[in-house]
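Chemist: Just passing along the structure, written as structure tokens.
The values are calculated or read from the model by the stated rules, or taken from the named source; none is laboratory data. Since the structure is predicted, the reported quantities are computational estimates derived from the model, not experimental observations. Cβ placement follows ideal geometry from the backbone for every residue including glycine, while neighbour counts extend to all protein chains displayed. These area figures cover heavy atoms from the full protein model, side chains too; ligands, DNA and RNA do not enter into them. Shrake-Rupley method; radii C 1.70, N 1.55, O 1.52, S 1.80 Å.
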Amino acid sequence: MNGKLYLCPTPIGNLNDITYRTLETLKSVDLIAAEDTRVSAKLLNHFDIKVPTTSYYEHNKREKGNYLIEKLLSGTNIAVITDAGMPGISDPGEDLVKLCIQNGIEIEALPGPCAFATALVASGMPTGRFAFEGFLTVNKKNRLEHLQSVRNDTRTLIFYEAPHKLLSTLRDMLEVFGNRKIVLARELTKKFEEYNRTTLQDAVTYYEETSPKGEFVLIIEGADAKKLEEEYLNSLPSAETLLKKYSAEGMRAKELTRRVADELKQPRREIYDLYLNIKDTL
Ligand code: SAM
């Protein structure tokens, strides 16, 4: 019989956040695949878990993935843990889950600590609809493209960031998003946990003077739907411009007014009245 893959979330700071079920699972499996076995040794020693570990991380995931699948197919139960939080969320796990599905291996994901969910619910930003965007890359062009791709998204936006890249990320965000509200959630569940509810401009100014410390989740308000609609309407040519353009192309009154009304999503009657007023100038 095949073994089973257990995705086990681990604390993001406070060791008391491990769940009973995660502890029971970690104690009962045959093997623990850990992102960094030295980091996980501290957690496992703390909870007196003596199960063998093997490393499974970004740069060995291909060959190690196949090795773990062979083990699972021969009946070994395996738990996956990462340095902190939920496996598969900006962490190894996703590829192994795909391999398990391809090989008909059962997967069980245990609920537990995850930095972005923790930060979001305490941020005060809308939680109904959000987009988790993970880390931005280090490449400036790709970073800006990533930010541009979500510039018009009205959902709350969530990013992960390391302290040494925080300031450049905040500057890029200010450039692309403008001065939106941001919540910087830092050192969650740890001694110096902090939520800084501010604006992108103030955050840039603050971190130009203060060196950032700890791990950050950045929660940014989504684009303003009303402002987007206004920008769109302002970007449209006027009805008069369009009437002149299509009239010059030879369109007659009926087709002309229908085309302009459809294009601008305005009532045909209004466009027709305008047409009557300016028809001698067309
Ligand atoms: N899998 C993890 C999860 O479920 O949240 C995320 C792992 S990712 C490699 C690490 C990033 O998560 C950090 O750079 C930071 O952005 C965020 N993070 C993790 N722990 C955090 C904490 N205690 N406080 C704030 N952010 C944290």
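Chemist: What area, in nm² and to one decimal, does the C-alpha convex hull of the chain cast on average over all directions?
Modeler: Average projection, Cα convex hull of the chain: 21.7 nm².
Chemist: Moving to a separate point now. What number, in percent, do you get for the relative contact order of the chain if the mean sequence gap of Cα pairs under 8 Å and at least 6 apart is divided by its residue count? Please list the in-between numbers first.
Modeler: Working: 448 pairs, mean separation 47.8, N = 282.
Once normalised by length, the contact order is 17 percent.
Chemist: A further question follows. Can you give me the accessible area per residue for the chain, using a 1.4 Å probe, in Å²?
Modeler: Each residue of the chain exposes 56 Å² on average to a 1.4 Å probe.
Chemist: Another question, if that's okay. Rounded to the nearest 500, what is the 222 nm mean residue ellipticity of the chain from helices alone, with -39500 (n - 2.57) per DSSP H run of 4+ residues and division by all residues? Working shown, then result.
Modeler: On the way: 12 runs with 129 residues, N = 282.
Dividing the helical sum by the residues of the chain leaves -13500 deg cm²/dmol.
Chemist: When only DSSP loop residues count, what trypsin sites (Lys or Arg not before Pro) in the range 162-238 have their Cβ near at most 12 other Cβ atoms within 10 Å?
Modeler: Those satisfying the criteria are 191, 213.
Chemist: Using θ = phi - 60° and the Karplus relation 6.51 cos²θ - 1.76 cosθ + 1.60, list the HN-Hα couplings for the range 252-264 in order, rounded to whole Hz, with x at every Gly or Pro.
Modeler: 3J(HN,Hα) across the range 252-264, in whole Hz: 8, 3, 5, 5, 4, 5, 5, 4, 5, 4, 5, 5, 8.
Chemist: Filter the chymotrypsin sites (Phe, Trp or Tyr not before Pro) in the range 190-282 to those in DSSP coil with at most 10 other Cβ atoms within 10 Å of their Cβ, and list the result.
Modeler: 192
Chemist: What is the antiparallel percent of DSSP beta bridges lying wholly in the chain, to the nearest 5?
Modeler: In the chain, DSSP labels about 50 percent of beta bridges as antiparallel.
Chemist: Looking at the range 1-116, I'd like the Rg to Rh ratio, where Rg is from alpha-carbon atoms and Rh is Kirkwood's inverse mean 1/r.
Modeler: 0.93
Chemist: Considering only protein heavy atoms and a probe of 1.4 Å, how much of the accessible area of the range 116-224 is carbon and sulfur, as a whole percent?
Modeler: 50
Chemist: Taking loop as defined by DSSP and a crowding limit of 14 other beta carbons within 10 Å, which GluC sites (Glu not before Pro) in the range 24-71 fit?
Modeler: Of the GluC sites (Glu not before Pro), the ones in loops of the range 24-71 whose Cβ has at most 14 other Cβ atoms within 10 Å are 58.
Chemist: Under 5 Å between amide H atoms, partner at least 5 residues away or on a different chain: which partners does residue 54 have, H built in plane at 1.01 Å?
Modeler: Those lying under 5 Å, H to H, from residue 54 are 32, 33, 34.
Chemist: What's the magnitude of the charge dipole for the chain around its Cα centre, counting Lys and Arg as +1 and Asp and Glu as -1 at the beta-carbon? Answer in Debye, nearest 20.
Modeler: The calculation lands at about 480 debye.
Chemist: Please list 3J(HN,Hα) in residue order for the range 106-119, calculated via the Karplus relation 6.51 cos²θ - 1.76 cosθ + 1.60 where θ = phi - 60°; whole Hz, with x for glycine and proline.
Modeler: Per residue, the Karplus-derived 3J(HN,Hα) values read 6, 10, 10, 9, 8, x, x, x, 8, 4, 5, 5, 4, 5 Hz.
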